[in-house]
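Asks: First, the structure itself, so that you have it in front of you.
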Amino acid sequence: MKSLDTKITAITGSGVSQSSGIPTFRGTNGLWKKYNVMDLATPQAFARNPKLVWEWYYWRLGLVSQAKPNEAHLALENLESSGYNIVVLTQNVDNLHERAGSSKVIHLHGEIFQRRCIQCHDITIWEPTETFSNPEIPKCIKCNSMLRPKVVWFNETLNSEIIQFSYNRLKETDVLLIIGTSGIVYPVNNFPFIAKEGNMNLETYEFNLELTPLSSETNKTILGPVEKTLPEFISKSFKITKK
Ligand SMILES: [Zn+2]
């Protein structure tokens, strides 16, 4: 059992939200209607056809608002409510970690419920009452320009402050949990190496349906659906106060 002063960092990817009904858009699921998501999630696609891109986001916003956190999200929240120092670094743009109750969540690729004005960069959020049933291009209340989803698209750079914060956190981490991510996308592909650089005694555990390029960097890879394997591992390895 790990003591309560153990610093835990969880890296989460689309595999965590999959069983909540959020599509991963990988392989054969990489299509929405007849469009490849690579042709929707780019600044070029938005410049070409903002209405189409927003239509896709309305569909996804609807899915996320209907979705519920699953046992994997809840297991990470259990660590926090049991008194552990845990930070979640997520590649996911949904808010299921927050809705599970986690308070320290860093969104590496932005947040789907936030919007940014393409002209004055004002940031707003969708009203909780919004139903996403009438796909119109939302407009900025300050300058009337188009709003875009505040997410990181293909061909866009990540927020450097977020990267720096993540690196600092990784370097002081004692236990690294890599959950439901293929581990091939920057910056997550670097994360285990950064963490190991900061702490020679780092322990790394990976949870995934299959082996990944990061598997050789871990103490152990636990194969299976993460909503089963992660809660089991956490209740065995940490002092969890059941609510
Ligand atoms: Zn504006």
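The values are calculated or read from the model by the stated rules, or taken from the named source; none is laboratory data. Keep in mind that this is a model prediction, so the values were computed, not measured. FYI the Cβ positions are ideal-geometry reconstructions off the backbone, even for glycines, and counts take in every protein chain you see.
Asks: Select from region 62-79 the residues that are under 15 Å from the mean Cα position of the chain (by Cα) and assigned to a helix (DSSP H, G or I) and list them in ascending order.
Replies: 64, 72, 73, 74, 76, 77, listed by residue number.
Asks: Suppose we keep only residues that are part of a strand (DSSP E or B) and either at pLDDT below 95 or farther than 16 Å from residue 47 by Cα (or both) within region 141-178. Which one would you say is farthest from the ligand (Cβ to nearest atom)?
Replies: 175
Asks: For region 209-228, give me the residue count where each residue is among the small types (Gly, Ala, Ser) and more than 14 Å from residue 176 (Cβ to Cβ).
Replies: Looking only at that region, the number is 2.
Asks: Would you say residue 93 is closer than 19 Å to residue 42 by Cβ and either in contact (Cβ under 8 Å) with a residue 12 or more places away in the chain or in a strand (DSSP E or B) (or both)?
Replies: yes
Asks: If I filter region 122-140 down to residues being among the β-branched types (Val, Ile, Thr) and more than 16 Å from the ligand (Cβ to nearest atom), which single residue comes out as modelled with the lowest pLDDT?
Replies: 129
Asks: Kindly evaluate residue 119 against the criterion of being without any contact (Cβ under 8 Å) to a residue 40 or more places away in the chain, part of a helix (DSSP H, G or I) and either over 16 Å from the mean Cα position of the chain (by Cα) or within 16 Å of the ligand (Cβ to nearest atom) (or both).
Replies: no
Asks: Pick out the one residue from 144, 155 that is at positive phi and in contact with a Ser or Thr (Cβ under 6 Å, 6 or more places away or on another chain).
Replies: Numbers: 144 fails: in contact with a Ser or Thr (Cβ under 6 Å, 6 or more places away or on another chain).
Matching residue, one of 144, 155: 155.
Asks: Tally the residues that are surrounded by fewer than 17 Cβ atoms within 10 Å (Cβ to Cβ) and closer than 22 Å to residue 158 by Cβ, restricting the search to region 188-217.
Replies: So the answer is 6.
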